[in-house]
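Below: the structure, in structure tokens.
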């Protein structure tokens with residue numbers, strides 16, 4: 001009986017000393033530029049000198065690492081990634097993943113994974129998955145609206161030019177019309193405001 005109680009105490013002590021935990025939000029929504037911020041809170045018991053964090057995307061068939069980085073207790077930001085860019089900003093109690101370059105096809109479950117690298121023993125834990133939603137409509141609108149605005153400005157400038165041209169022609173005709181009006185009286189031609197002019201055409 002004594003052997004079993006000592007063994008149980010060691011097992012309980014092992015779980016208390018080496019217990020690690022990662023928590024993350026259930027859902028986040030990326031903005032229209034394909035950027036999202038995921039904050040993974042963690043707790044580690046004991047002194048830790050090096051931790052590795054991974055942001056993993058879970059699909060039906062496999063799990064792939066989006067970005068992986070290690071840091072020591074200096075907590076300096078680290079950037080990784082090719083198509084999807086990750087900026088990991090660690091603090092003593094959480095890691096903030098600033099993710100950019102996301103498209104609608106990247107919508108899915110993302111998991112924060114933490115590994116205590118040093119000192120031994122090696123510890124690994126994962127958070128619950130976060131559903132990251134990237135709207136396809138917002139992404140399309142951001143790209144489609146820019147050329148439409150350029151065409152709209154061209155038509156606006158052309159319309160203003162035509163209206164001003166017609167206005168100037170109408171004003172010119174109204175101001176010069178009295179000089180051009182001809183009166184025919186008994187076969188004679190008279191110009192208003194000018195009696196010296198020749199009426200021949």
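How much FRET efficiency would the formula 1/(1 + (r/R0)^6) give for residue 103 and residue 158, where r is the Cβ-Cβ distance and R0 is 35 Å, rounded to 0.05?
Taking R0 as 35 Å, the efficiency between residue 103 and residue 158 is 0.45.
What full-extension length gain, to one decimal in nm, is calculated for residue 151 and residue 70 as 0.36 nm per residue of separation minus the Cα-Cα distance?
Working: separation 81, 0.36 × 81 = 29.16 nm, distance 4.88 nm.
Stretched fully, the residue 151-residue 70 segment lengthens by 24.3 nm.
Does anything in region 116-131 have its amide N under 14 Å from the 7 Å Cα→Cβ label point of residue 21, and if so which residues?
The answer is 126-128.
State the volume of the convex hull built on the alpha-carbon positions of region 21-131, expressed per residue in Å³ and rounded to an integer. Walk me through the numbers on the way to the answer.
On the way: hull volume 10.4 nm³, N = 111.
Taking the convex hull of the Cα positions in region 21-131, it is 94 Å³ per residue.
Take the Cβ-Cβ distance between residue 126 and residue 32 as r, set R0 to 41 Å, and report the resulting FRET efficiency rounded to the nearest 0.05.
So the FRET efficiency works out to roughly 0.85.
Readers should treat all values here as calculations from the given coordinates under stated rules, not as data from a laboratory. Source: prediction; values computed, not measured. No Cβ is skipped: glycine too gets one built from the backbone with ideal geometry, and neighbour counts run over all protein chains shown.
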